[in-house]
Amino acid sequence: MIENTFAPGLLRDRTAFVTGGGTGITGGIARALAQAGARVALVSRRMEHLEPMAKTIMDDGGEALATAADVRHPEEIERALNETIERFGKLDIVVNGAAGNFLCPAEELSPNGFGTVIDIDLKGTFNVCRAAFEHLKREGGCILNISATLQLLGTPLQLHASAAKAGVDTLTRGLAVEWGRYGIRTNAIAPGPIADTEGFARLVPAPVRDKLQRRIPLNRLGRINDIAQSAVFLCSDAASFINGAVLVVDGGHWLAANNLMSAE
Ligand code: COA
């Protein structure tokens, strides 16, 4: 059970569209939004990733819809959004969590490998925002992009993802300025190392995990719920004047990257 630190019903009568929402960080966000009262559409490429989380949300007493769509294909997003509106009546919250990543040295990265991550993370985020705009502007709403901290430094083996997430930060700021007048707030969360995810298991080699933890000023790895609760806050009226923020949720990890006094 995800520990919910907010008042029940904080997001009652809101509808959320969460890409990548079946597993990992975005699965946790979807569940936390539902626990706060939102109806949630879970969207990613494969139904088998979505159905277990949809069932979990419904078992919790929430409302969920699972619909398969690839953020690289605008027509699939359009269809998934229409299905969401047909089922739930309106759209209030969009969470752009669909992402692809792998470790690869720049000199071995193929143009298609680089482009595939840009297509999913950056262009996919734009595709979803663009398609959601007409729905969000009706009553106002919010967009929450999932960024990273990779791009704040020169992170090795992550050129593709860093470039994509730098673009996501730029989209966040640009849309905040352009769409604020429609009552649409656009923000991002930049998660640090989150231990209970498939990405962490695949991208952080086991031998460096202890060292990584010691380098985090709060001396622990992140948990999915750390990100999920931050997402509930940013999507709630408590954040109604927050627009264009990229909220780093990493226990102080990236700020401490240059701390020569930290334990090795
Ligand atoms: N190292 C180097 N290049 C890789 C790679 C790796 N581990 N994985 C994929 N690529 C390259 C492929 O070689 C291909 O380029 P090429 O045509 O020049 O060979 C390109 O990326 C596309 O790969 P493909 O498998 O056809 O794309 P896909 O759309 O099926 O997969 C990915 C998308 C690449 C993001 C894949 O890693 C994936 O699906 N990952 C799981 C989801 C995920 O990453 N979630 C994020 C958790 S943080």
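The values are calculated or read from the model by the stated rules, or taken from the named source; none is laboratory data. Small disclaimer: the values here were computed from a predicted structure and weren't measured. Cβ coordinates were reconstructed from backbone atoms using ideal geometry, including for glycine residues, and neighbour counts include every protein chain displayed.
Restricting the search to segment 112-147, which residues are closer than 15 Å to Ser162 by Cα and within 7 Å of the ligand (Cβ to nearest atom)?
Correct list: Gly113, Thr116, Val117, Ile120.
Go through segment 241-259 and give me each residue that's of a type outside the set (S, T, N, Q), surrounded by fewer than 18 Cβ atoms within 10 Å (Cβ to Cβ) and part of a loop (DSSP other than H, G, I, E, B).
Once the filter is applied, which keeps residues that are of a type outside the set (S, T, N, Q), surrounded by fewer than 18 Cβ atoms within 10 Å (Cβ to Cβ) and part of a loop (DSSP other than H, G, I, E, B), segment 241-259 yields Phe241, Ile242, Gly244, Ala245, Gly252, Ala257.
Could you tell me which residue of segment 74-87 is surrounded by the fewest Cβ atoms within 10 Å (Cβ to Cβ), considering only residues that are out of contact with any strand residue (DSSP E or B) (no Cβ under 9 Å at 6 or more places or on another chain) and in contact (Cβ under 8 Å) with a residue 12 or more places away in the chain?
This residue is Glu78.
So which pairs qualify, if the first residue must be in segment 207-219 and part of a helix (DSSP H, G or I), the second must be of a type in the set (A, V, I, L, M) and at pLDDT 95 or above, the Cβ gap must be under 7 Å, and the two must be at least 6 apart or on different chains?
Gln213/Leu221
Just a yes or no: is a residue in segment 47-60 surrounded by 24 or more Cβ atoms within 10 Å (Cβ to Cβ) and in a loop (DSSP other than H, G, I, E, B)?
No, because not a single residue in segment 47-60 is surrounded by 24 or more Cβ atoms within 10 Å (Cβ to Cβ) and in a loop (DSSP other than H, G, I, E, B).
When both residues are 6+ apart or on different chains and their Cβ atoms are under 9 Å apart, which pairs have a first residue that lies in segment 88-104 and is within 17 Å of Val204 (Cβ to Cβ), and a second that is near the ligand (Cβ under 6 Å from one of its atoms) and of a type in the set (Gly, Ala, Ser)?
Between residues of segment 88-104 that are within 17 Å of Val204 (Cβ to Cβ) and residues that are near the ligand (Cβ under 6 Å from one of its atoms) and of a type in the set (Gly, Ala, Ser), the close pairs are Ala99/Gly199; Asn101/Gly199; Phe102/Gly113; Cys104/Ser110; Cys104/Gly113.
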